[in-house]
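J.: This is the structure I have questions about; it appears just below.
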Amino acid sequence: MNTSELKKFAQGARRQLIEQVGARLDLVLQTDSAQLREQEKTVGQLREEIAKSSKTAVIERVAYIWFNRFCALRFMDVNRYTRIGTVSPAEGFSQPEILQDAKQGHIDNELQVDKKKVLDLLSGQIKAADPQQEAYRLLLVAVCNSYHQLMPFMFERIADYTELLMPDDLLSENSILQAVRKALTVESCQDVEVIGWLYQFYISEKKDQVFEGLKKNKKITPENIPAATQLFTPHWIVRYLVENSLGRLWLLNRPGSQLVGQMEYYIRPEEPETNFLKINSPEEIKICDPACGSGHMLTYSFDLLSAIYEEEGYDAKDIPSLILTNNLYGIEIDERAGELAAFALTMKARAKYRRFFRKPVQPNICVLENVRFDDGELKPYMDTVGRDLFTVNLQTMLHQFEEADNFGSLIRPEVSDVGHVRRVIDEKGLGSKLFLTQTHPKVLRALKQADYLSSKYHVVIANPP
């Protein structure tokens, strides 16, 4: 893998996308066209988001969303995980295969897109400045939406300003997609860790800016902590850590295991160990990376767990789902990195079992978010659920996540077992109580985060920032 070329691409792509998304935003806000008047609500949402954060923040967020999706789609195209090339051309062609097929009148029946509009654009029935570009945009959005159920963490349903701000140029020789195809070669896409490298390189310039600020005595703000602390751990270090934790635990429980021959970085103990956690089956093992980043520790743990399950005689088609359901847990403060960790594990599962997408399992990745309650906000909620449930410690715990983006996995929940609380609340069916619609999701969020942070794990592997 040529990391220097990947770095050059990621940094250039960031600048290109920020410029193009910014130009698109100016056009949307300043142009009065029939097309935009039809999307008045979406434009209104865009204005609200700019007012809530800033124009720069919106541009950077949308630029990254499209970078993420373009790279993910290219990775899946190269590995034949997509039904048809979404951003990649077929052999002998220059345009994306999905557009080339549409020009021949072929559009996947399962793709939820306005087929008539696409075909009319391509045939000239609908006039447009660049009909092929417009048709391709419709197809691309439809593909992204089709992956929403499978990978909601990566492909949120596009029905908002994200689509409005998609770069205009997707098909020329100078387009962002051409750069994506050139950088993400067949060779570099052999391992999903390439996605993690891309993220580190994508944010590297911002990281440099943050550290330049430190030299001028500027404090690192919570929103800049991810850029300052993301570090992609080299593969040999990952293997060393995983093999001498997960691998060691398994060999202690199965001293006759042949897997020791596969663990190049495993260090044999000098003396026999007798005091260790007893494991009856691989399904029992719970592994956590409390600062998982883009998931490098977790993806290699997936590989080693796969070998463990195989050695125990499990059916190969069941192994990916079992691992994602029972074994691997990641905690992260950076939403972008958390999305990539979940994507990487999903790709590992798909590589292991080609029909995994038909019955997918969502990876156990928890991105810690700030949870704040206004004064008195919890009172009607507790009255409805039952005050007996809300002990002093539980009430304290619900307020422990006010700066989750700052403290991350350092938070130690006051209540160590929230399973009972979650079950009681679920049984109450509070989602239908209109006066609790703001409070209920926040309570559930705090409980979920506490669950991840207070659970007991057999193995904790980390390269903390």
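The values are calculated or read from the model by the stated rules, or taken from the named source; none is laboratory data. Note that the structure is predicted; figures quoted are calculated from it, not measured. Counting neighbours? That spans all protein chains shown, and the Cβs are built from the backbone with ideal geometry, glycine included.
J.: Return the only residue of Asp426, Asp405 being within 33 Å of the chain's Cα centre (by Cα) and in contact (Cβ under 8 Å) with a residue 12 or more places away in the chain. Explain how you work it out, then say what you get.
T.: Values: Asp426 fails: in contact (Cβ under 8 Å) with a residue 12 or more places away in the chain.
Testing whether each residue is within 33 Å of the chain's Cα centre (by Cα) and in contact (Cβ under 8 Å) with a residue 12 or more places away in the chain leaves just Asp405.
J.: Restricting to segment 364-385, give me the number of residues that are assigned to a loop (DSSP other than H, G, I, E, B) and among the β-branched types (Val, Ile, Thr).
T.: Residues of segment 364-385 that are assigned to a loop (DSSP other than H, G, I, E, B), as a first pass: 368-377.
When the remaining residues are screened for being among the β-branched types (Val, Ile, Thr), the result is 371.
Residues meeting the conditions: 1.
Here's the yes/no breakdown for (1) farther than 14 Å from Ile285 by Cα; (2) buried (at least 17 other Cβ atoms within 10 Å of the Cβ); (3) without any contact (Cβ under 8 Å) to a residue 24 or more places away in the chain:
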| position | (1), (2), (3) |
| --- | --- |
| Ser301 | no, yes, no |
| Ile308 | no, yes, no |
| Asp318 | yes, no, yes |
| Tyr329 | no, yes, no |
| Glu332 | yes, yes, no |
| Ala337 | yes, yes, no |
| Ala341 | yes, yes, no |
| Ala349 | yes, yes, no |
| Ile365 | yes, yes, no |
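J.: Residues that are within 20 Å of the chain's Cα centre (by Cα), free of Cβ contacts under 8 Å to residues at least 40 places away in the same chain and in the same structural domain as Ile59 (by TED's automatic domain parsing), at least 3 per element: which helices (runs of 4 or more DSSP H) completely within segment 86-179 meet that? Show your work before the answer.
T.: Values: elements: 97-103, 115-123, 131-146, 161-164.
Result: 131-146.
J.: So for segment 234-251 (the condition being at pLDDT below 85 and within 26 Å of Met154 (Cβ to Cβ)), does at least one residue qualify?
T.: Here is the first cut: in segment 234-251, the ones at pLDDT below 85 are 234.
Those still in the list that are within 26 Å of Met154 (Cβ to Cβ) too: 234.
Yes, because at least one residue in segment 234-251 is at pLDDT below 85 and within 26 Å of Met154 (Cβ to Cβ).
J.: Related question: Would you pick out the residues in segment 257-287 that are over 24 Å from Lys456 (Cα atoms) and among the aromatic types (Phe, Trp, Tyr)? Before you say what the answer is, go through the steps one by one.
T.: Kept after step one, since they are over 24 Å from Lys456 (Cα atoms), are these residues of segment 257-287: 257-272.
Matches in segment 257-287: Tyr265, Tyr266.
J.: If a residue has to be under 19 Å from Leu304 (Cα atoms), within 12 Å of the chain's Cα centre (by Cα) and part of a helix (DSSP H, G or I) to count, how many in segment 316-363 make the cut?
T.: 7
J.: Out of the residues in segment 374-391 that are touching a residue at least 40 places away in the same chain (Cβ under 8 Å) and among the hydroxyl-bearing types (Ser, Thr, Tyr), which is surrounded by the most Cβ atoms within 10 Å (Cβ to Cβ)? Before you say what the answer is, go through the steps one by one.
T.: From segment 374-391, those touching a residue at least 40 places away in the same chain (Cβ under 8 Å) are 377-378, 380-381, 384-385; that's our starting set.
Now restrict to residues that are among the hydroxyl-bearing types (Ser, Thr, Tyr): 381, 384.
Numbers: Tyr381: 21, Thr384: 16.
Of everything passing the filter in segment 374-391, Tyr381 is surrounded by the most Cβ atoms within 10 Å (Cβ to Cβ).
J.: Restricting to segment 435-465, and then to whatever is among the charged types (D, E, K, R) and assigned to a helix (DSSP H, G or I), can you tell me which residue is nearest to Asp375 (Cα to Cα)? Steps first, answer last, please.
T.: Just the residues of segment 435-465 that are among the charged types (D, E, K, R), to begin with: 442, 445, 448, 451, 456.
Narrowing the set further to residues that are assigned to a helix (DSSP H, G or I) leaves 442, 445, 448, 451.
On the way: Lys442: 14, Arg445: 18, Lys448: 22, Asp451: 24 Å.
Filtering segment 435-465 for residues that are among the charged types (D, E, K, R) and assigned to a helix (DSSP H, G or I), the one nearest to Asp375 (Cα to Cα) comes out as Lys442.
J.: Further, regarding this structure: Report yes if Pro360 is closer than 30 Å to Arg83 by Cβ and modelled with pLDDT under 95, otherwise no. Talk me through it step by step, then tell me what you get.
T.: Working: closer than 30 Å to Arg83 by Cβ: yes; modelled with pLDDT under 95: yes.
Yes.
J.: Can you name every residue in segment 123-137 that is of a type in the set (A, V, I, L, M, F, W, C) and modelled with pLDDT under 95? Give the derivation first.
T.: Step one: of segment 123-137, the residues of a type in the set (A, V, I, L, M, F, W, C) are 126, 128-129, 135.
Those that are of a type in the set (A, V, I, L, M, F, W, C) and modelled with pLDDT under 95: Ile126, Ala128, Ala129.
J.: Looking at (1) of a type outside the set (Gly, Ala, Ser); (2) surrounded by fewer than 18 Cβ atoms within 10 Å (Cβ to Cβ); (3) in contact with a helix residue (DSSP H, G or I) (Cβ under 8 Å, 6 or more places away or on another chain), which is the only condition Gln178 fails?
T.: Failing condition for Gln178: (3).
J.: When residues of segment 239-267 are filtered for being touching a helix residue (DSSP H, G or I) at 6+ places or on another chain (Cβ under 8 Å), among the aromatic types (Phe, Trp, Tyr) and surrounded by fewer than 19 Cβ atoms within 10 Å (Cβ to Cβ), how many remain?
T.: Selection size over segment 239-267: 2.
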